[in-house]
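Participant: Please find one structure pasted underneath; my questions will follow.
The values are calculated or read from the model by the stated rules, or taken from the named source; none is laboratory data. Everything quoted here is computed from the prediction, not taken from an experiment. Positions of Cβ are generated from backbone atoms using ideal geometry, with glycine treated the same way; all protein chains shown enter the neighbour counts. Each accessible area value is taken on the protein alone, full model and side chains, heavy atoms only, with ligands, DNA and RNA left out. Shrake-Rupley method; radii C 1.70, N 1.55, O 1.52, S 1.80 Å.
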Amino acid sequence: MKISNLQPQPSYEKYVAIANLSIPMLQQAVQSFVDQNPDLARSTMHVEEEVDLLRNGINAALMQQHQLGKIPIEALTPLLTIARRFERVSDQAKNICEEVLYMCTGEYAKHKGTEVLRVLFVDIRNACRSQMAEAIANSLGKPEFVFASAGIDPHPVDPATVTFLSEKGLDISRHQSKSVSQVPNLDHYQVIVALAQEAQKVFPPPPTKTVGLDWNVKDPSFVEGSPEQIRAAYEETFQYINTHIRELVEAILGEQQNGKKNYV
């Protein structure tokens, strides 16, 4: 109802494509369970990666259209939700396939690759602090980690942050802000870092294996004053986040080298 009166109507081509992947995927997953067919399960579960890529493409296009004023906020959420629901269908289908593989072959496919630790940085707008954190973390070049960022209420990436990080040798000029709901496989993240007090609400409730860290730090994009004062605010936030990320990575790698499974 919220999107039926949109003028002009957005393109639904990618929605049709994601439906044509996720719905047959679920049907095939159920069939593999009924027939106890591990080969069908194995071939079916790989479709989930295509669905994730499609959903990310839909989300990026919608956010761009919203920023250009072509899609109102009241229509943005339903459109994002539709894509997310199809992506969840494929996730559930993959889960069924993993169970089939275990049932038929003893192969434990769930959470393969959990040796890679996923860390999510969250603030309010995903425009400055969390973007800064993601860029710093990825610059460390640690293959043991996957880093991402998101916001409670995403806004366009702060141009001053782009410029500041560029001077540090970090290029985020192609980055787009996203909401927490747009993060693929959010439940696979072992660490969530809140860079604003409000972001703590995304911490999953106990009992949970996800570690929530409070790194509340000032958002320099709201600082007013002389160019020198503004620059100093960005530098202070950058150094705070940089130090904390390096200490976190060193602590986790130290725990892993000692044969321990807890990350902090």
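Participant: Which of A29, A194, A75 moves the most in a Gaussian network model of the chain with Cα springs under 10 Å?
Facilitator: Looking only at A29, A194, A75, the biggest GNM fluctuation is shown by A75.
Participant: Then there is this: What residues qualify as long-range amide H neighbours of V193, i.e. H under 5 Å apart, gap of 5 or more or another chain, H built at 1.01 Å from N?
Facilitator: L120, F121, V122, L213
Participant: Also, I was wondering about something else. Assign one of three labels to segment 1-114, namely rounded, prolate or oblate, based on the Cα gyration tensor with a ≥ b ≥ c the square roots of its eigenvalues; rounded applies when a/c is under 1.5, prolate when it is not and a/b is larger than b/c, and oblate otherwise.
Facilitator: Since a/c reaches 1.5 and a/b is larger than b/c, the shape of segment 1-114 is classed as prolate.
Participant: Let me ask something additional. In terms of the Cα gyration tensor, with a ≥ b ≥ c the square roots of its eigenvalues, is the chain rounded because a/c is under 1.5, prolate because a/b exceeds b/c, or oblate?
Facilitator: oblate
Participant: Enter the accessible area per residue of segment 9-152 (Å², integer; probe 1.4 Å; all protein chains in place).
Facilitator: Each residue of segment 9-152 exposes 48 Å² on average to a 1.4 Å probe.
Participant: Right, next: For segment 30-105, build the charge dipole from Cβ charges (+1 Lys, Arg; -1 Asp, Glu) around the Cα centre, then report which of A83, L62, V51 sits farthest towards its positive end.
Facilitator: Result: L62, furthest along the dipole toward the positive end.
Participant: In debye, nearest 20: dipole of segment 1-141 around its Cα centre with unit charges on the Cβ of K, R (+) and D, E (-)?
Facilitator: 580
Participant: Okay, moving on. Long-range amide H contacts for R125: which residues qualify at under 5 Å (H placed 1.01 Å from N, peptide plane, sequence gap of 5 or more or a different chain)?
Facilitator: I152, D153
Participant: What list of ³J(HN,Hα) values in whole Hz, one per residue of segment 217-224 in order, does the Karplus curve 6.51 cos²θ - 1.76 cosθ + 1.60 (θ = phi - 60°) give from phi, with Gly and Pro shown as x?
Facilitator: 9, 4, 8, x, 5, 9, 6, 10
Participant: Further question on the same structure: Between S22, S149, S173, find the one with the highest GNM mean-square fluctuation for the chain; connect C-alpha pairs within less than 10 Å.
Facilitator: The residue that fluctuates most here is S173.
Participant: Further question on the same structure: Can you list the residues, at least 5 places off or on another chain, whose amide H is less than 5 Å from the amide H of S179, using H built in the peptide plane?
Facilitator: When sequence neighbours closer than 5 places are left aside, the close amide H contacts are G151.
Participant: Could you order L186, L68, L253, L62 so the one with the most accessible surface comes first? Probe is 1.4 Å. It would help to have the intermediate numbers written out before the result.
Facilitator: Details: L186 60, L68 115, L253 30, L62 10 Å².
If we order L186, L68, L253, L62 from most to least accessible, we get L68, L186, L253, L62.
Participant: Quantify, in whole percent, the carbon and sulfur part of the accessible surface of the chain (1.4 Å probe; protein heavy atoms only).
Facilitator: 53
Participant: So, one more: Determine the dipole magnitude for segment 80-208: charges of +1 sit on the beta-carbon of Lys and Arg, -1 on that of Asp and Glu, nothing else is charged, the reference point is the Cα centre, and the result goes in debye to the nearest 20.
Facilitator: 160
Participant: For segment 97-213, calculate the relative contact order in percent as a whole number, restricting contacts to Cα pairs under 8 Å that are 6 or more residues apart.
Facilitator: 28
Participant: Using θ = phi - 60° and the Karplus form 6.51 cos²θ - 1.76 cosθ + 1.60, what ³J(HN,Hα) does each residue of segment 46-54 get, whole Hz, x for Gly and Pro?
Facilitator: For segment 46-54, the Karplus curve yields 6, 5, 4, 5, 5, 5, 4, 5, 5 Hz.
Participant: Output wanted: per-residue J couplings in Hz (rounded whole) for segment 22-36, from phi through Karplus 6.51 cos²θ - 1.76 cosθ + 1.60, θ = phi - 60°, x for Gly and Pro.
Facilitator: 6, 5, x, 4, 5, 4, 5, 5, 5, 4, 5, 5, 4, 8, 6
Participant: To continue, here is another question. Only Lys, Arg, Asp and Glu count, each charged at its Cβ (+1, +1, -1, -1), so figure out the dipole size of segment 1-77 about its Cα centre, rounded to 20 debye.
Facilitator: About 360 debye.
Participant: Excluding L165 itself, what net charge comes from residues whose Cβ is under 11 Å from its Cβ, given Lys and Arg +1 and Asp and Glu -1?
Facilitator: So the surrounding residues net to -3.
Participant: Send over a whole-number figure in Å² for the accessible area per residue of segment 180-247, probe 1.4 Å.
Facilitator: 57
Participant: Going toward the positive end of the dipole of the chain, with +1 on Lys and Arg Cβ and -1 on Asp and Glu Cβ, which of A251, V119, L6 do you reach last?
Facilitator: L6
Participant: Could you tell me which of the pairs K70/K178; K142/K178; K94/K142; K14/K209 are separated by over 26 angstrom between their Cα atoms in the structure shown?
Facilitator: K94/K142; K14/K209
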